[in-house]
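> First the structure, which I've put down as structure tokens, then a few questions once you've had a look.
The values are calculated or read from the model by the stated rules, or taken from the named source; none is laboratory data. The structure presented is a predicted model; accordingly, all values stated were derived computationally and were not measured. Every residue, glycine among them, receives a Cβ derived from its backbone with ideal geometry; neighbour counts consider all protein chains shown. Heavy atoms of the whole protein, side chains included, go into the accessibility calculation; ligands, DNA and RNA do not. Shrake-Rupley method; radii C 1.70, N 1.55, O 1.52, S 1.80 Å.
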Amino acid sequence: MLLSQYRREDGKAQIVAREGTEAYDVATDASLYDLALACANDGADLRSSILDLGLRKAVDLASLCADGRLLPPVLHPDPSHLHLTGTGLTHLGSASTRAAMHEKASDNETDSMRMFRMGLEGGKPLNGAPGVQPEWFYKGNGDALVAPCGALACPAYAEDGGEEPEIAGIYVIGNDGEPYRVGFALANEFSDHIMEKRNYLYLAHSKLRQAAVGPELLVGPLPDSIEGTSRIRRGQEVVFEKPFLSGEANMSHSIANLEHHHFKYGIFRRPGDVHVHMFGTATLSFAEGFAAQDGDVFEIEAASFGLPLTNRLTIARQLHQEKRQAVRML
């Protein structure tokens, strides 16, 4: 089952469900956040709850996206209680991309390659115990989450705005303080790769950018192997296109290990919070020497996730120069 939501004429979120080609409004006025949290607190199954509610009229998700009415699959009513985070160096092939950005002539092995090898050796423990820690980063709160077909803004202080096609897990924290996975969705972990390449210690800065997720959320287990395509359109022309692989068969860490190392921190288990956690990538146009331009459209698709995730790039630095942020004394 694939779930999504859009903004109704009255401003409320409407849940949409589909299994197959047709999408239908779910017969509820609750948002997907409300429904998911209720399922977590009641011990209910999300898919069964959707089927019990029933379906209304068919809807055209592509038209809703074009009209700017599609929403991220799950939102929190208070954006400060939605956390955007991720892990890197988790995919087979990701280390070579990162290492090429950070290599030095005098180094036999970069820190990125060492981190990747640690994941290969201990990222998929077989005994149920925690495995090796992955790289981890913070992107922001719900204010940084962009809707499908929305614009990803490259701020004036940025040096680059590039796509990273990923799979994200979306979670709610129940009243018992435990994380519950709502499902998986496509994500564009939009980042500043020029800043990151300048010095790997700038990685944290380079990740403090917006991200897009959706439009549809896959309920249930993640397929073991996911084959997708990442492309960039410039007007009517496709100027970049490359396949990407995800799923545990193509990763050096298990999803369970990545989830453990995020939710082991008590600050990430606050009841009622929402987490969007991105699991990493091995494909990005920057690594191919491609520079996205203002107005380009990022498009990420994979068959298991329904509609593609599309977002237009806007570059603020073309409009004005970065201004120093002053701090006032009280």
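> Over the residues of region 134-261, compute the C-alpha Rg and express it relative to 2.2 N^0.38 Å.
The reported ratio for this selection is 1.13.
> Can you order the peptides 53-61, 308-316 by their average number of other Cβ atoms within 10 Å per residue, highest first?
Ranked by mean Cβ neighbours within 10 Å, highest first: 308-316, 53-61.
> Oh, and also: Take the alpha carbon gyration tensor of region 1-57, find the square roots of its eigenvalues, order them as a ≥ b ≥ c, and report rounded if a/c is under 1.5; if not, report prolate when a/b exceeds b/c, else oblate.
Values: a/c = 2.05, a/b = 1.19, b/c = 1.72.
Because a/c hits 1.5 or more and a/b fails to exceed b/c, region 1-57 counts as oblate.
> Taking all protein chains in place and a 1.4 Å probe, what share, in percent, of the accessible surface of the chain do carbon and sulfur account for?
50 percent
> Can I ask one more? Separation of region 218-255 and region 1-66 by C-alpha centroid, Å?
Value for the Cα centre distance between the two parts: 24 Å.
> Could I ask something else about it? Length gain on complete extension for the stretch GLU9 to LEU92, per 0.36 nm per residue less the alpha carbon to alpha carbon distance?
Value of the extension gain: 25.4 nm.
> Moving on to the next point. Given a Förster distance of 25 Å, report the FRET efficiency between GLU227 and THR314 from their Cβ-Cβ distance, rounded to the nearest 0.05. Don't skip to the end; give the middle numbers.
Details: r = 30 Å, r/R0 = 1.19.
That gives a FRET efficiency of 0.25.
> Follow-up question, since we're still on this one. Which whole-number percent gives the relative contact order of the chain, counting Cα pairs below 8 Å spaced six or more residues apart?
22 percent
> Over region 176-330, what is the relative contact order in whole percent, taking alpha-carbon pairs under 8 Å and six or more residues apart?
Across region 176-330, relative contact order equals 26 percent.
> Right, something else. Please list, ordered by chain and number, the residues whose modelled amide H lies under 5 Å from the amide H of THR90; skip anything fewer than 5 residues away on the same chain.
Correct list: THR281.
> Calculate, for ARG56 and TYR202, the FRET efficiency according to 1/(1 + (r/R0)^6) with r their C-beta to C-beta distance and R0 51 Å; round to the nearest 0.05.
0.55
> For region 246-330, just say rounded, prolate or oblate: build the C-alpha gyration tensor, square-root its eigenvalues into a ≥ b ≥ c, call rounded for a/c under 1.5, and beyond that prolate if a/b exceeds b/c, oblate if not.
On the way: a/c = 2.23, a/b = 1.16, b/c = 1.93.
Taking the square roots of the gyration eigenvalues as a ≥ b ≥ c, region 246-330 is oblate.
> What distance in nm lies between label points placed 7 Å from Cα along the C-beta direction at ARG114 and LYS264?
The two pseudo-label positions are separated by 1.9 nm.
> Once you have the Cα-Cα distance between SER48 and GLU288, take 0.36 nm times their residue separation minus that, and quote the gain in nm to one decimal.
82.0 nm
> Let me ask you something else. Could you give me D for the chain, from Stokes-Einstein at 20 °C and 1.002 mPa s, where the hydrodynamic radius is the Kirkwood radius over C-alpha pairs? Units µm² s⁻¹, please. The partial results should precede the final answer.
Values: Rh = 20.4 Å.
The calculation lands on 105 µm²/s.
> While we're looking at this one, here's another question. Under a straight-distance cross-link criterion of Cα-Cα below 24 Å, which lysines are reachable from LYS197, leaving out those fewer than 8 residues away in the same chain?
LYS104, LYS139, LYS207, LYS242, LYS323
> Ranking request for peptides 180-187, 195-202, 150-157, 35-42: highest mean number of other beta-carbon atoms within 10 Å first, then the rest in descending order.
Values: 180-187: 24.9, 195-202: 15.5, 150-157: 17.9, 35-42: 19.9.
Result, highest mean first: 180-187, 35-42, 150-157, 195-202.
> Students often check this: by mean Cβ neighbours within 10 Å, which of 228-237, 1-10 ranks highest, and how do the rest follow? Can you show the working numbers first?
Values: 228-237: 15.6, 1-10: 18.6.
Result, highest mean first: 1-10, 228-237.
> Mind checking the per residue accessible area of the chain for me, 1.4 Å probe, whole number of Å²?
47 Å²
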